Amino acid sequence: MRLRNVKNAKDILENYKYFISDVCSNKNEWSLKFGNKNPIMLEIGMGKGDFIIGMAKAHPEWNFIGIEKYESVLVRAVEKLEKEDITNVRVMAVDAKNLEEYFGNEIDTIYLNFSDPWPKKRHFKRRLTYKDFLKTYDGIFKSGARIILKTDNDSFFESSLISLNNYGYVFDLVILDLWSTERENVKTEYEIKFASKGFKIKYLEAHK
Ligand SMILES: C[S@@+](CC[C@H](N)C(=O)[O-])C[C@H]1O[C@@H](n2cnc3c(N)ncnc32)[C@H](O)[C@@H]1O
């Protein structure tokens, strides 16, 4: 994602009532934070927020936490969230590599939407479906584990299928052209961009 530095990003984020700045203080207490025991869904790399906003509106019976490693990107999401009357979303500006510092065994589902594909072999370990990340996810899932992934990138999709399979995940759904189906689909910013360039959107749902 091209990054334009946003002046005062920190201040803008801090002003949003559902931005979490004390990132480690809710570990094992996220249900308290939401004020209910609804399932908690985590989107990693939420970007500018269209997916989490659409999902939170479509599923008020679920809670959503979005994380994004760049404050300047998260600001764009927060600007949209502030215009909505949404109470079931919380957002944090953190990196996925430290998830176990922020969550106990509390997460129902992880969404990976158009994660950076890291095409160079020497960067494969940075892929969010690399085995080290899958191990980290083990530490935050409530019971079982469920990952839902969308991407335009064939190589990242293939490597994710292999990595998840090798790690013991079972596939509930694999779709090679999501937009050709009737499936309900909340679109992301990247999804719209890449689909409009003719890329097919790949989709999977997997559990352990
Ligand atoms: C290609 S963009 C996709 C954004 C959005 N999910 C979408 O589909 O439009 C990937 C996003 O993931 C974020 N990201 C990448 N690695 C991350 C990590 N380790 N932890 C948190 N966010 C990450 C990037 O900063 C970027 O905003």
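The values are calculated or read from the model by the stated rules, or taken from the named source; none is laboratory data. Remember, predicted model here, so these are calculated numbers, not experimental data. Note that we place each Cβ from the backbone using ideal geometry, even for glycine, and neighbour counts take in every protein chain shown.
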Examine region 193-205 for a residue that is touching a residue at least 60 places away in the same chain (Cβ under 8 Å) and in contact with a Gly (Cβ under 9 Å, 6 or more places away or on another chain), and state whether such a residue exists. no
Scanning for something in a helix (DSSP H, G or I), within 14 Å of the ligand (Cβ to nearest atom) and either closer than 22 Å to Ser159 by Cα or of a type in the set (S, T, N, Q) (or both), does region 70-88 turn up at least one residue? yes
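Can you name every residue in region 100-127 that is among the aliphatic types (A, V, I, L, M) and more than 15 Å from the ligand (Cβ to nearest atom)? Walk me through it before giving the result.
Restricting attention to region 100-127, the residues satisfying the condition of being among the aliphatic types (A, V, I, L, M) are 107, 110, 112.
Result: no residue meets the conditions.
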How many of the residues making up region 136-167 are of a type in the set (A, V, I, L, M), within 25 Å of Asn28 (Cα to Cα) and either outside any strand (DSSP E or B) or over 15 Å from the mean Cα position of the chain (by Cα) (or both)? 2
Inspect region 145-160 for any residue being in contact with a Phe, Trp or Tyr (Cβ under 8 Å, 6 or more places away or on another chain), more than 14 Å from the ligand (Cβ to nearest atom) and of a type in the set (Ser, Thr, Tyr) and give the result as yes or no. yes
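For region 3-24, which positions are closer than 16 Å to Gly66 by Cα, out of contact with any Lys or Arg (no Cβ under 9 Å at 6 or more places or on another chain) and not basic (Lys, Arg)?
First, pick out the residues of region 3-24 that are closer than 16 Å to Gly66 by Cα: 13-14, 16-24.
With out of contact with any Lys or Arg (no Cβ under 9 Å at 6 or more places or on another chain) added as a condition, the list becomes 13-14, 16-17, 22-24.
Within region 3-24, Leu13, Glu14, Tyr16, Asp22, Val23, Cys24 meet the criteria.
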Looking for whichever is modelled with pLDDT under 95, part of a loop (DSSP other than H, G, I, E, B) and surrounded by fewer than 17 Cβ atoms within 10 Å (Cβ to Cβ) here; the options are Lys37, Lys27, Lys17. Which one fits? Lys17
